[in-house]
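Each reported figure results from applying straightforward, stated rules to the coordinates on display, with no laboratory input. Owing to the predicted nature of the structure, the values given are computational and were not obtained by experimental measurement. Note that we place each Cβ from the backbone using ideal geometry, even for glycine, and neighbour counts take in every protein chain shown.
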Amino acid sequence: MIKKVVSGVHEALEGVTDGMTLMLGGFGLCGIPENCIAHLVTLNIKGLTCISNNAGVDDFGLGLLLQKRQIRKMISSYVGENDEFERQMLSGELEVELTPQGTLAEKCRAAKAGIPAFFTPAGYGTEVAKGKETREFNGKMYLMEEAYKADFAFVKAWKGDEAGNLIFKGTARNFNPCMCGAAKVTVVEVEELVPAGSLDPNQIHVPGIFVNRIFKGETYEKRIEKRTVRTK
Amino acid sequence: MLDKNGIAKRIAKEVQDGYYVNLGIGIPTLVANFVREDISVEFQSENGVLGMGPFPFEGEEDADIINAGKQTITTLPGASFFDSATSFGMIRGKHVDLTILGAMEVSENGDIANWKIPGKMVKGMGGAMDLVASAENIIVAMMHTNRAGESKLLKNCTLPLTGVECVKKIVTNLAVLEVTNEGFLLLERAPGVTVEEIQKATEGNLIIKGDVPEMIL
C-alpha cells in the first residue's frame, strides 16, 4: 500500500508559491476545501489563478482570498453572490474567465484523463466561442476546449483512507472528483481519515492513484449559503 | 395575466410521465410544486443530484445537500448523487428530457440571453450554456416585458447570447408561444389577456392563427 497521508495542512500545502494556478473543488460553499483555503490566507500567497466553479461569498470560501487580493485571475462559471468579487471585476483589478459549468468540469476531467482537448456545443455562437476552433459533427456545431493545466488541486472529501481512496457525501461531491489528478499535485482534506482496509473497495468514488497528499481537516464550518426549510 | 406561480403552473402541464427535468433558478424552481402527482418525474440539479425532493424540515437541513440555487434540499427514494462531469454528461448526452429556465431576452429565431448585462451585471452563465446547447426540449419561463415595460420577446437579442436557435417554447405572464421558422407562434392567451395586449408587448414577429384559446390552468 502506498501511503498518501501528510501531517496536516502545513505539509499539505508545501510547494505552493506566488503566481501558481490552483484548482479548488466545491459548488457554492458546498464541499469546499475550507482548511486549505484558510491556510492559503495565512501563507499570504499572491498572484494566484484559481479554477473554481464559484468564488465564495464575501467572508467565506474563496472570498477570503479575494479580500486579501491574493487572486489575480478567477476561472469560474458563476460568481453571483460576492460583492467584493463583482467590485474587483468591474474595476479591472481582477481578471475573470467565465466558462460554462459543464465545460469547466470537463476541462478538469480531461486534464486528469490525459485528453488535451475536446469538443462541446456549450457556448457556440456566444462570446465564449471567441478565438476558439469550431467544427461540425453530424450537422451540429461544436467548440474546441482545452484541458486545464494546474499546479495544485485542492479537494474536499467526506472520508478518505491512508492510501488516498476517497468517498464523498451528497452534493458536496460536485467538482471535487473531477479535479483529483487534474493538477501536478492533488491535495485532499477529509472529515474522517481512516486506516487502509476500513473502506469497502466497492464504494470508493476516487481511487488513491489520483491523490498525492491527504490529511484530516481540523475543523469544518460547512456554512449554508441559502437555508431553505418547510414547516412541519 | 399570470403571476410567477401561474407561469409555473402552466409549465407544469408540459411535464410528462417518465421525464427527467432540469429546473433553472427563479420561476422554473416553482414548477416542481405543480407537477401532477399521478406521474413519475425526477428532477435533476446540475450540481450533482437526481431525484430532488422538497426543502427539509427545520432542523434537518444538511450543508452537504443543496440544489444548483444553493438552497438546502432533500432527496426522494431512488435519488442519486454524482460529480459535475457526470452531471453535464447527462445534460450534453441528452439524457435529460426537459430543461426549464429563465431568460432576460429571447429572439424570434430562438436565441436566448440570460447571463450578462455588459457594464452592469455579470453573474456568469453557470450551467445555462451547456443546458441550452444540448437540450432537445427547452421551455423559457419569464415575464413578457421587463421592469421598464419593454418587450423581452425580440427580433434580435441585444444582450450577450447564452445560446443560439435553441428555445422551443416560451411561457410568460401573458401567453404561451412556440418558436417557429417564421417567429413566435401564439398558442394560448393567459386568462383575461387579449391578443392585442400580447401583440403590443411583443417586439419580434408574432404569428396569430385563427382564434387563440385562453389557457386552461
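According to the Cα-based calculation, Rg over Rh for the stretch B:4-207 is 0.97, with Rh computed by the Kirkwood formula.
Of the trypsin sites (Lys or Arg not before Pro) in the stretch B:1-83, the ones in a loop by DSSP (not H, G, I, E or B) with at most 13 other beta carbons within 10 Å are B:Arg36. Taking 4.7 Å between C-beta atoms as the pairing limit, the protein assembly as shown has these partnerless cysteines: A:Cys30, A:Cys36, A:Cys50, A:Cys180, B:Cys157, B:Cys166. The peptide list B:203-215, A:210-222, A:165-177, A:75-87, put in order of mean Cβ contacts within 10 Å with the highest first, becomes A:165-177, A:75-87, A:210-222, B:203-215. Here the stretch B:4-207 is assigned +1 on the Cβ of each Lys and Arg and -1 on the Cβ of each Asp and Glu. Its dipole about the Cα centre then comes out at about 620 debye.
Set the Förster distance to 51 Å, then compute FRET efficiency between A:Ala113 and B:Leu217 from the Cβ-Cβ distance, nearest 0.05. The computed FRET efficiency comes out at 0.60. A crude spin-label estimate for the pair A:Ser91 and B:Thr180, with each label 7 Å from Cα along the Cβ direction, gives 5.3 nm. Once the Cβ-Cβ distance of A:Asp18 and B:Thr158 is raised to the sixth power relative to R0 = 60 Å, the FRET efficiency obtained is 0.90. In a reduced charge model with +1 at each Lys and Arg Cβ and -1 at each Asp and Glu Cβ, chain A shows a dipole moment near 440 debye about its Cα centre. Looking at the stretch B:4-207, the DSSP beta bridges with both ends there are about 55 percent antiparallel.
Counting only other chain Cβ atoms within 10 Å of each residue's Cβ, the peptide B:77-84 averages 6. Dipole check for the protein assembly as shown: with +1 at the C-beta of Lys and Arg, -1 at the C-beta of Asp and Glu, and the Cα centre as origin, the magnitude is about 500 Debye.
Note on A:Glu127 and A:Lys232: the extension gain reaches 33.1 nm, defined as 0.36 nm multiplied by sequence separation minus the Cα-Cα distance.
With a 10 Å cut-off around each Cβ of A:172-182, the average count of Cβ atoms from other chains is 5. Hey, if you put +1 on the Cβ of every Lys and Arg and -1 on every Asp and Glu Cβ in the stretch B:4-207, which of B:Leu161, B:Ile100, B:Tyr19 ends up farthest toward the positive end of that dipole? Checked the options; the winner is B:Leu161. Of all DSSP beta bridges confined to chain A, the antiparallel ones make up roughly 30%.
Starting from the Cα of A:Lys112, draw a straight line to each of the lysines and keep only those under 17 Å, dropping any in the same chain fewer than 8 residues away. Straight-line reach from A:Lys112, under 17 Å: A:Lys149, A:Lys156, A:Lys184.
A compact globular protein would have a Cα radius of gyration near 2.2 N^0.38 Å; the ratio found for the protein assembly as shown is 1.01. Spin-label model, B:Glu150 to A:Thr219: label points 7 Å out along the Cα-to-beta-carbon direction sit 4.9 nm apart. Ranking B:Val193, B:Ile139, B:Ser84 by Cα position along the charge dipole of the stretch B:4-207, where only Lys, Arg, Asp and Glu carry charges on their C-beta atoms, puts B:Val193 farthest toward the positive end. Over the stretch A:91-232, the hull volume per residue, using the convex hull of the C-alpha atoms, is 223 Å³. Counting, for every residue in A:115-121, the Cβ atoms of other protein chains within 10 Å of its Cβ and taking the mean gives 2.
Within straight-line reach of B:Lys9, meaning a Cα separation under 18 Å, sit the following aspartates and glutamates at least 8 residues removed in sequence or on another chain: B:Asp17, B:Glu37, B:Asp38, B:Glu42, B:Glu178, B:Glu188, B:Glu214. Computed over neighbours whose Cβ is under 12 Å from that of A:Glu127, the net charge equals +2, Lys and Arg +1, Asp and Glu -1.
Per-residue ellipticity at 222 nm from helix content only, as computed over the protein assembly as shown with -39500 (n - 2.57) for each DSSP H run of at least four residues, stands at -4500 deg cm²/dmol.
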